[in-house]
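Chemist: My questions all concern the structure below.
The values are calculated or read from the model by the stated rules, or taken from the named source; none is laboratory data. Since the model is a prediction, treat every value here as computed from it, not as a measurement. Cβ: placed from backbone, ideal geometry, glycine included. Neighbour counts: every protein chain shown.
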Amino acid sequence: MDILRSITLFVVAAIAEIGGAWLVWQGVREQKGLAWIGAGIIALGLYGFVATLQPDAHFGRILAAYGGVFVAGSLAWGMALDGFKPDRWDIAGALVCLLGVAIIMYAPRDA
């Protein structure tokens, strides 16, 4: 159950952080305005809160593992919203990152 909760929180965190960064990007680079930038800032703040809800209490472990989720999530976001087409190396790199997430977060540890 903790693994399912953790994965769900990583997905929610990725949506908040990547979505927030994308909103800021749209507001500034695509000149969509302050409302987009403000929404992005709120989403980025939400990301910081969601990360604290992880079952593991180690900040460094959570943020290190989230880095891998961010890599894969960013590629997926680009595909869904910006027409990005990853090549095999993008996909391979994302899979390596997700393997790293699994090792960091879910490998058995001595108590």
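Chemist: Within the set of pairs 6+ apart or on separate chains, which have a first residue in segment 30-41 that is without any contact (Cβ under 8 Å) to a residue 24 or more places away in the chain, a second that is surrounded by 17 or more Cβ atoms within 10 Å (Cβ to Cβ) and among the hydrophobic types (A, V, I, L, M, F, W, C), and C-beta atoms under 6 Å apart?
Modeler: Sorted first by the residue in segment 30-41, then by its partner, the pairs are TRP36/LEU23; ILE37/VAL24; ALA39/LEU23; GLY40/LEU23; GLY40/VAL24.
Chemist: Output the qualifying pairs, or none if there are none: Cβ atoms under 9 angstrom, residues six or more apart or on different chains, first residue in segment 62-85 and modelled with pLDDT of 95 or more, second residue among the acidic types (Asp, Glu) and buried (at least 18 other Cβ atoms within 10 Å of the Cβ).
Modeler: Here the result reads TYR66/GLU17; PHE70/GLU17; GLY73/GLU17, each pair linking segment 62-85 to a residue that is among the acidic types (Asp, Glu) and buried (at least 18 other Cβ atoms within 10 Å of the Cβ).
Chemist: Sort out for me the helices (runs of 4 or more DSSP H) sitting completely within segment 25-111 that have 2 or more residues that are closer than 13 Å to ALA14 by Cα and out of contact with any Cys (no Cβ under 6 Å at 6 or more places or on another chain).
Modeler: 34-51, 59-82
Chemist: Here is a follow-up. Might you check whether a residue that is assigned to a loop (DSSP other than H, G, I, E, B) and out of contact with any helix residue (DSSP H, G or I) (no Cβ under 8 Å at 6 or more places or on another chain) occurs anywhere in segment 7-23?
Modeler: no
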